[in-house]
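Working notes, structure below.
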Amino acid sequence: MPVSIGVLREAAEGETRVALTPAVVTTLVRDGFGVTVESGAGDRAGFPDAEYEAAGATLAEPTATLAAQVVVSVGRPDAAATEALTPGQALVGLFDAWHEPHELEALAARGVHVLSLDRLPRQISRAQTMDVLSSQASIAGYRAAIVAAEVYGRYFPMMVTAAGTAKPASVLVLGAGVAGLQAIATARRLGARVTGYDVRPAAREEVTSLGAAFLATTVDAVGEGGYARELTTEESAQQRAELSAAIAGFDIVITTAKVPGRRPPELVDAETVGAMRRGSVIVDLAAGPLGGNVAGSRPDARVETANGVTVIGAGEIAREMAPAASDAFGRNIAAVIAAIVVDGELAVDLTDDVIGAMAINQIEVPA
Ligand code: NAD
């Protein structure tokens, strides 16, 4: 019997992506998997049922999809779906395991192999093809620059015309990880004057190699695994004071600073937003249920301040490019599936350093 894969229709209202696209299904079917797709699963991502059927999948109601050996979903399935899962099945997706882990733990305690991609050890090179956080962050960074350009009422590039010369927009990107570097590259391609900033000193070279300037502060914070560590209260205050002085001079600010499992640092306070020029645009890619990098940003909302600055809360902006985001997500999921199926059998090896790290067992939530 081929190993069976079930693709769920997403439970979250705002979720537009799908965990496997028809293109990925074609490859999996060719490799000998049996794929069942919940009817309508790809609709919001632009992949109708007929494309899955043409790719070799079987369309089914949720009960059949949930009976597959490997069940895949972008976000957490709802309670009715998880209750239907039985010991020995694998559930793979991006489940935000640091946040409210108890229901995932309860599922794991029932013997379901819950593999959450936000726990992937990204520094291990074998894990890179599975790295959903990077694939989605890259899309988010690109989209942030495009959205900023669309909302901004002036040109991004310098324009020399018979009616005079327009100055290029000045763009500041705070946090130069995967999303930040993509935002920098995209804003540069659009012709803006771009500056990047990060608390990790190693980011300087990556920023400047993209042709952007680097904004230096006196605060450095390298943490584990190449990530930034959380700043102390004094360091945060020092950082904000140094950044605030610079921020008011920029037309566009894109913020991307997250610290895994914790509330994002507030990098742009209300006073700094209040000092920016009318018409400036801020895109906060860290805006989510735990907060954001910018005072007053709200998840999935555009707010115009009294001084005419547009603040866009965009923690889930990859959803605005659902076809591309799903393509990448599906390829990442296929790489996970390849790692948990050995000789045509489902074999979730918890001693494997990549798979074991993603498996929900007892999650230690950072204090
Ligand atoms: P992230 O989304 O967690 O954070 C985005 C950026 O914000 C990071 O560059 C971080 O340093 C920065 N940041 C955090 N707190 C900050 C603060 N207070 N002020 C300013 N900046 C702050 O990070 P990410 O984009 O997922 O990646 C972070 C690191 O992991 C990078 O070094 C990246 O190159 C590395 N990474 C490595 C691999 C790999 O080895 N395969 C894969 C992905 C990412």
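If we only count strands (runs of 3 or more DSSP E) wholly inside the range 271-339, which ones have 3 or more residues that are touching a helix residue (DSSP H, G or I) at 6+ places or on another chain (Cβ under 9 Å) and touching a residue at least 12 places away in the same chain (Cβ under 8 Å)?
It comes to 281-284, 310-313.
I need every pair where a residue in the range 103-124 that is closer than 13 Å to Ser73 by Cβ has its Cβ under 9 Å from the Cβ of a residue that is assigned to a helix (DSSP H, G or I) and of a type in the set (Gly, Ala, Ser), sequence separation at least 6 or different chains.
Close Cβ pairs (under 9 Å, with a partner that is assigned to a helix (DSSP H, G or I) and of a type in the set (Gly, Ala, Ser)) amount to Val114/Ala108.
Matching residues to (1) open to solvent by 10 Å² or more (accessible area, probe 1.4 Å); (2) closer than 18 Å to Leu133 by Cβ:
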residue: Val253; (1), (2): no, no
residue: Ala257; (1), (2): yes, yes
residue: Asp269; (1), (2): yes, no
residue: Leu290; (1), (2): yes, yes
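Of everything in the range 235-265 that's closer than 16 Å to Gly180 by Cα, at pLDDT 90 or above and within 11 Å of the ligand (Cβ to nearest atom), which residue is nearest to the chain's Cα centre (by Cα)?
Thr256
Looking at Glu103, Glu10, which one is acidic (Asp, Glu) and closer than 20 Å to Glu320 by Cα?
Glu10
Of a type in the set (Val, Ile, Thr) and under 13 Å from Ser4 (Cβ atoms): which single residue out of Val74, Val35 fits that description?
Val35
List the pairs whose first member sits in the range 167-180 and is within 16 Å of Val294 (Cα to Cα) and of a type in the set (Val, Ile, Thr), whose second member is away from the ligand (no atom under 12 Å from the Cβ) and not in a helix (DSSP H, G or I), and whose Cβ atoms are under 6 Å apart, counting only residues at least 6 apart or on separate chains?
Hits for this filter: Val171/Ala192; Val171/Val194; Val171/Ile252.
When you scan the range 143-234 for strands (runs of 3 or more DSSP E) that lie fully inside it, which ones turn up with 3 or more residues that are in contact with an Asp or Glu (Cβ under 9 Å, 6 or more places away or on another chain) and either of a type in the set (Lys, Arg) or open to solvent by less than 30 Å² (accessible area, probe 1.4 Å) (or both)?
Those strands (runs of 3 or more DSSP E) span 170-174.
Can you find a residue that is over 14 Å from the mean Cα position of the chain (by Cα), more than 10 Å from the ligand (Cβ to nearest atom) and under 18 Å from Val24 (Cβ atoms) anywhere in the range 102-117?
Looking through the range 102-117, at least one residue is over 14 Å from the mean Cα position of the chain (by Cα), more than 10 Å from the ligand (Cβ to nearest atom) and under 18 Å from Val24 (Cβ atoms).
Is there any pair with a first residue in the range 194-216 that is without any contact (Cβ under 8 Å) to a residue 24 or more places away in the chain and more than 10 Å from the ligand (Cβ to nearest atom) and a second that is aromatic (Phe, Trp, Tyr) and open to solvent by 20 Å² or more (accessible area, probe 1.4 Å) whose Cβ atoms are under 9 Å apart and which are 6 or more apart or on different chains, and what are they?
Arg204/Phe214; Glu205/Phe214; Thr208/Phe214
Counting only residues that are more than 16 Å from the ligand (Cβ to nearest atom), of a type in the set (Asp, Glu) and within 25 Å of Glu234 (Cα to Cα), how many does the range 266-315 have?
Total meeting the criteria: 1.
The values are calculated or read from the model by the stated rules, or taken from the named source; none is laboratory data. Every value quoted in this text rests on a predicted model; they were computed, and no experiment measured them. Note: ideal-geometry Cβ built from the backbone for every residue, glycine included; neighbour counts use all protein chains shown. Accessible surface is based on the protein model in full, side chains and every heavy atom, while ligands, DNA and RNA are left aside. Shrake-Rupley method; radii C 1.70, N 1.55, O 1.52, S 1.80 Å.
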